[in-house]
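Peer 1: This is the structure, below, for whatever I ask next.
Computed from the coordinates by the stated procedures, all read-outs in this text should not be read as laboratory data. Predicted model only: the values in this text are computed from it and were never measured. Heads up, the Cβs are rebuilt from the backbone with ideal geometry, glycines too, and the neighbour counts pull from every protein chain shown.
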C-alpha cells in the first residue's frame with residue numbers, strides 16, 4: 001500500500017546528505033516531494049543545426065565527436081575541450097575541472113548537447129552544456145523541469161529523485177476530487193496530473209495538469225473559508241448592540257471631518273452591530289486612511305451598549321500609541337481605557353486583570369498578552385485586531401472566545417486587491433477605506449542609483465539641520481556575501497562614523513528584544529535620535545510626525561507592497577515628506593517597479609502591480625494568515641480559476657454545508673489534509 005507520509009530518505013537516490021538538503025527545501029515525506037512543483041521548464045526537445053544557433057541562445061544540438069577530448073592547464077584549473085560537428089558546421093565545447101569527462105565521449109559517435117551558445121567571428125562555442133548519448137533522454141530530448149533550489153542540490157539530482165518518487169506513486173495515488181467535479185470541469189485525474197506537472201511530454205500536458213492542480217488547491221481553500229464563515233454565522237446568536245448608542249457622539253467631538261469612505265464603513269459596521277448575527281469583518285485601508293477612528297467609534301458603541309471592547313495590536317509601542325489616541329478622545333465621553341502589554345509590572349497587571357473582570361475597564365488595549373488564559377472580561381462584546389497579518393486565524397478565534405460571540409473587526413493597512421481579499425479573508429465580510437484624509441500630503445518618491453549617494457546624503461543633512469528626522473531601511477540583519485546587501489550593523493557604522501558623525505544615529509532590527517525595540521522607537525519619537533537605521537520592523541510602527549525622510553537601501557530587493565508600507569511611516573506630520581529608493585540593477589522589472597512607486601501613492605494600485613510582477617508566492621506569506629501555502633496557484637495568473645471555484649464552493653456548500661454527503665467525503669478529507677491543524681472547521 002502506498003504510504004505518502006513515509007520519509008523522503010527511503011526514496012531511491014536519497015542518502016543521508018541529500019535528505020538534509022531536501023529537508024531544507026521543506027521536503028520531508030514522499031508527499032512533500034511529489035508536491036514540490038517546478039518553477040519553470042526548459043524545452044530541450046527540438047534540436048537546431050549549428051548554423052541556425054544565435055549568440056546567447058540556449059539550444060539543443062545533435063553532433064558527432066570529431067576528436068579525443070584534450071586537457072588544457074590554465075592558472076591552476078584544467079579545461080576540457082571537445083570538437084563536435086553536424087552537417088552544417090563545427091563547434092568547440094569546453095568544461096572546467098571535469099577530467100572524468102575524458103572517457104564519456106567516443107570519436108565518431110553522436111551525442112546531444114544542451115546549453116548556451118556563444119558565437120565569435122562565425123565560430124560556435126558551448127561552455128559546460130548538459131549532454132546525453134544520442135538514444136537517451138536523461139538531460140535532453142524532452143521538456144525538463146527546473147525546480148526552485150537554494151541549497152547545494154543540483155537540478156540533475158532533484159530530477160532523478162523526483163523521477164524515482166513519481167515512479168513509486170504513479171497509478172497508486174488515491175483521487176482527491178469527487179467524480180462529478182472531474183467530469184463537470186473536465187479535470188485530469190490525480191495520477192496523470194502529478195506525472196505531467198513534473199515531466200510533461202508536451203507543454204499541452206503541463207497546461208492540463210496545472211489546470212487540475214490549481215483548481216483543487218483553490219477549491220480546498222475556498223471551501224474551508226466559506227465553512228468557517230458559515231460556522232460563525234450559524235452559531236448561536238450574536239450581540240445586538242443598542243440603537244441608542246450612537247457613533248456620532250464620537251464623530252461630533254473630533255477636531256476634523258471624517259472622509260466619505262470612513263463614514264460609509266462606519267455605516268456598514270453600525271448596521272452589523274445592531275443585528276443579532278456576530279460581526280466578522282475585515283477593514284482594509286491604506287496607511288494613514290483613518291482606521292483607528294473607525295475602531296474607536298465601534299468600541300464606543302459597544303461600551304455604551306453595556307459591553308467591553310478589546311483592541312489587539314502587534315507591538316507594545318503600537319498598543320501604547322492606540323491607548324494615547326483612544327484616551328484623548330474617549331475619556332471626555334467617560335470611557336475608561338487601559339493598556340495590557342508584557343512590559344508592565346506584576347502588581348499593575350494583577351490590578352488591571354482584577355478591574356477588567358469586574359467590568360471597571362471599558363476598553364482593553366494590548367498585544368498578544370490579551371490572549372493569555374488569565375485575562376478574563378466581565379462582558380466582552382467587541383474584538384478589534386490591528387494589522388491582521390501578524391495574527392493567525394486561530395489567534396483571532398482565541399480572543400473571540402473570551403466573550404459570548406463578540407463582534408470581530410479585523411484591520412489591516414496592507415492593501416490587497418478585492419478578489420484576493422476574498423481568498424485570504426474568505427471567512428470575513430470586507431470593508432474598504434479607499435480615500436485618504438484631505439490633510440494627508442503626498443509623499444514625494446524618488447528612485448536613485450549609486451551615483452546619487454552624495455546628493456541624497458546632502459539632502460538628509462539639510463533636512464536634519466532644519467530639525468527633521470530620517471529612517472534608513474535595509475533588508476538584512478547580518479552580512480550575506482551571496483546577496484551583497486548592506487546589513488543594519490554595517491550601515492549603522494557607516495552612517496554614525498563616516499557620513500553623519502555629528503548626528504545621533506541608532507539602529508533597530510527584528511532580532512532585538514521587544515522591550516529594546518520599544519525603547520528605541522520611544523526615543524526616536526521623542527526626538528532623541530536623528531537617524532534610525534532599521535529593517536522592516538518599522539513597517540508596522542509608531543507615528544513619528546517629525547520624521548519626514550525614508551531612505552530604502554537595495555529597494556529592488558523589496559516587493560512593492562512592502563515599499564509602500566515602509567513609505568507610509570513618513571508623511572504623518574505637517575512637514576513635506578520624501579521617500580528615496582536607492583536601487584541597483586538595470587533589469588526592466590526593477591525599472592518598472594521603481595517607476596510605479598514614484599508615480600503613485602495608491603496602495604491598491606500598487607498591490608495589483610506587485611501581484612502582477614511578483615506572483616502571489618512572494619506577495620504575502622499566507623502562512624501568517626493561518627492559511628496553507630499556495631504550492632502551485634498564482635493568484636494573479638489564476639484569477640479566472642479563482643472566480644470559478646468560488647462559485648463552485650458556494651454551490652457545493654449550499655447543498656451540503658458540512659460536506660457530509662457520500663459524494664463530498666473526498667472534499668472533506670482534502671480540506672482536513674490541506675489545513676491540518678491550522679484552523680478548526
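Peer 1: Can you tell me which of 165-178, 432-445 comes out highest on packing, and rank the rest after it, using the mean Cβ neighbours within 10 Å? Provide the component values of the computation, followed by the final result.
Peer 2: Numbers: 165-178: 15.5, 432-445: 17.0.
Order by mean packing, descending: 432-445, 165-178.
Peer 1: At a 10 angstrom cut-off on C-beta neighbours, averaged per residue, how do the peptides 43-50, 126-133 rank from highest to lowest? Could the numbers behind the result be given before it?
Peer 2: Numbers: 43-50: 15.9, 126-133: 18.4.
So the order, starting with the most tightly packed, is 126-133, 43-50.
Peer 1: Report the relative contact order of the stretch 444-600, percent, no decimals, based on alpha-carbon pairs under 8 angstrom and at least 6 residues apart.
Peer 2: Numbers: 268 pairs, mean separation 48.0, N = 157.
Reported as a whole number, the value is 31 percent.
Peer 1: Another question, if that's okay. Just want to confirm a number: the relative contact order over the stretch 15-142, from Cα pairs under 8 angstrom separated by 6+ residues, in percent. Can you show the working numbers first?
Peer 2: Values: 240 pairs, mean separation 30.0, N = 128.
About 23 percent, as a whole number.
Peer 1: Next question. Where the centroid of each part is defined by its Cα atoms, how far is the stretch 278-298 from the stretch 350-390 in Å?
Peer 2: 18
Peer 1: Only one of the listed values, (i) 77, 72, 58; (ii) 94, 62, 51; (iii) 95, 73, 44, was derived from the coordinates as Cα extents along the principal axes in Å; which label is it?
Peer 2: Computing Cα extents along the principal axes in Å and matching it to (i) 77, 72, 58; (ii) 94, 62, 51; (iii) 95, 73, 44 gives (iii).
Peer 1: Cα axis of helix 603-614 to longest principal axis of the chain: angle in degrees, 0 to 90, nearest 10?
Peer 2: That helix lies at roughly 20 degrees to the long axis.
Peer 1: Continuing with this model, one more query. Take each of the peptides 514-524, 239-249, average the number of other beta-carbon atoms within 10 Å over its residues, and list them starting from the highest. Don't skip to the end; give the middle numbers.
Peer 2: Values: 514-524: 17.7, 239-249: 15.8.
The most tightly packed comes first, giving 514-524, 239-249.
Peer 1: Report the Cα centroid-to-centroid distance between the stretch 576-611 and the stretch 1-74 in angstrom, as an integer.
Peer 2: Centre-to-centre distance over Cα atoms comes out at 36 Å.
Peer 1: Okay, moving on. Angle between the Cα long axis of helix 453-465 and the longest principal axis of the chain, 0 to 90 degrees, nearest 10?
Peer 2: Tilt of helix 453-465: around 10 degrees.
Peer 1: Antiparallel DSSP bridges in the chain: what percent, to the nearest 5? Each step should come with its number before you reach the end.
Peer 2: Values: 36 of 92 bridges.
Looking only at bridges with both residues in the chain, the antiparallel portion is about 40 percent.
Peer 1: Using the beta-carbon distance between residue 466 and residue 600 and R0 = 41 Å, what value does 1/(1 + (r/R0)^6) give for FRET efficiency, to the nearest 0.05? Could you put the intermediate results ahead of the total?
Peer 2: Values: r = 28 Å, r/R0 = 0.68.
Working from the Cβ atoms, E equals 0.90.
Peer 1: If one takes the longest principal axis of the Cα atoms in the chain, at what angle in degrees, from 0 to 90 and to the nearest 10, does the Cα axis of helix 316-330 lie?
Peer 2: Between helix and principal axis, roughly 30 degrees.
Peer 1: If each DSSP helix of 4+ residues adds -39,500 (n - 2.57) and the sum is divided by the residues in the chain, what number results at 222 nm, nearest 500 deg cm²/dmol?
Peer 2: -11000 deg cm²/dmol, from helical runs alone.
Peer 1: Same structure, new question: Averaging over every viewing direction, what projected area does the convex hull of the Cα atoms of the stretch 444-600 cover, in nm²? Display every interim value, and only then the final one.
Peer 2: Working: hull surface 35.4 nm².
Convex hull of Cα atoms, orientation-averaged projection: 8.9 nm².
Peer 1: Still on this model: Quick check: from the Cα gyration tensor, does the stretch 46-141 come out rounded (a/c under 1.5), prolate or oblate?
Peer 2: Details: a/c = 1.60, a/b = 1.21, b/c = 1.32.
Oblate.
Peer 1: Indicate, rounded to the nearest 5 percent, the antiparallel portion of the DSSP beta bridges found entirely in the stretch 46-141. Intermediate results must be reported in sequence, preceding the final value.
Peer 2: Working: 30 of 35 bridges.
Percentage antiparallel, nearest 5: 85.
Peer 1: Just want to confirm a number: the relative contact order over the chain, from Cα pairs under 8 angstrom separated by 6+ residues, in percent.
Peer 2: On the way: 1226 pairs, mean separation 82.6, N = 681.
Value for the chain: 12 percent.
Peer 1: Out of the DSSP beta bridges found with both residues in the stretch 444-600, what percent are antiparallel (nearest 5)? Show your work: numbers first, answer last.
Peer 2: On the way: 1 of 24 bridges.
If we restrict to bridges inside the stretch 444-600, about 5 percent are antiparallel.
Peer 1: Between residue 640 and residue 40, how high is the FRET efficiency from 1/(1 + (r/R0)^6) when r is the Cβ-Cβ distance and R₀ = 25 Å? Nearest 0.05.
Peer 2: Numbers: r = 21 Å, r/R0 = 0.86.
According to the calculation, E is roughly 0.70.
Peer 1: Once label points are set 7 Å from the Cα along Cα→Cβ at both residue 156 and residue 519, what is their separation, rounded to one decimal in nm?
Peer 2: 5.5
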